[in-house]
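Here is the structure we will look at.
The values are calculated or read from the model by the stated rules, or taken from the named source; none is laboratory data. Not measured: the values here are computed from a predicted model. Cβ placement follows ideal geometry from the backbone for every residue including glycine, while neighbour counts extend to all protein chains displayed.
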Amino acid sequence: MIYTAKSPRVILTIMFVVMLITRITTPYEGLFIHLQTVALVVFFAALFVTYQFEIKSHKLTYQVFLMGMPIYTRDLLPKEIEFIAFKRVNWGEKAAIVKPVKGLPVRVIRFTPNDVAEKLETFAGKHHIEHS
């Protein structure tokens, strides 16, 4: 099953607007102006980041898209996963952190549909992966 998530657009939009106002009203030139411009570009690009997580019977696939183009893809086979940690992020939502043997952990949080944690728990049990 394929699960999708988007970057927190409200927060990023507020940060972008604040940076834009600061950039427009700053009267001096120099390195600070260039850093503000770079920050504006980063915040603007972050508005268009989406995530996709797919649970197949034999592997997990995590992808990051920027404006619909894949910029990062990670396939995790069961033998490459050290453990999966499940945590509560608020009253009604569970998150999972998939820790591979090598590399950075994959955070699975705020994906839709909301049953991603249950499916990951089933995947971990089926493949005898340590989970908590």
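Quick notes
- Filter result for residue 73 (surrounded by fewer than 14 Cβ atoms within 10 Å (Cβ to Cβ) and either of a type in the set (Val, Ile, Thr) or touching a helix residue (DSSP H, G or I) at 6+ places or on another chain (Cβ under 7 Å) (or both)): yes
- Matching residues in region 88-127 - criterion: being more than 21 Å from residue 9 (Cβ to Cβ) and either among the aromatic types (Phe, Trp, Tyr) or part of a strand (DSSP E or B) (or both): 88, 91, 94, 96, 97, 98, 99, 100, 106, 123
- Summed over region 36-87, residues that are in a loop (DSSP other than H, G, I, E, B) and either in contact with a Ser or Thr (Cβ under 9 Å, 6 or more places away or on another chain) or at positive phi (or both) total 4.
- Total residues in region 1-18, condition in a strand (DSSP E or B), out of contact with any helix residue (DSSP H, G or I) (no Cβ under 7 Å at 6 or more places or on another chain) and not hydrophobic (A, V, I, L, M, F, W, C): 2
- The residue that is modelled with the lowest pLDDT, among those in region 76-96 that are surrounded by fewer than 16 Cβ atoms within 10 Å (Cβ to Cβ) and of a type in the set (A, V, I, L, M, F, W, C), is 91.
- Single unsatisfied condition, residue 110 versus (1) of a type outside the set (S, T, N, Q); (2) in contact with a helix residue (DSSP H, G or I) (Cβ under 9 Å, 6 or more places away or on another chain); (3) touching a residue at least 60 places away in the same chain (Cβ under 8 Å): (2)
- Residues of region 19-61 that turn out to be in contact (Cβ under 8 Å) with a residue 12 or more places away in the chain and of a type in the set (Lys, Arg), as a count: 2
- Some residue of region 95-114 being more than 14 Å from the chain's Cα centre (by Cα), under 14 Å from residue 52 (Cβ atoms) and not hydrophobic (A, V, I, L, M, F, W, C): yes
- Any pair with Cβ under 6 angstrom, 6 or more apart, that starts in region 1-18 at a residue that is under 18 Å from residue 112 (Cβ atoms) and ends at one that is part of a strand (DSSP E or B) and among the charged types (D, E, K, R): 2/54
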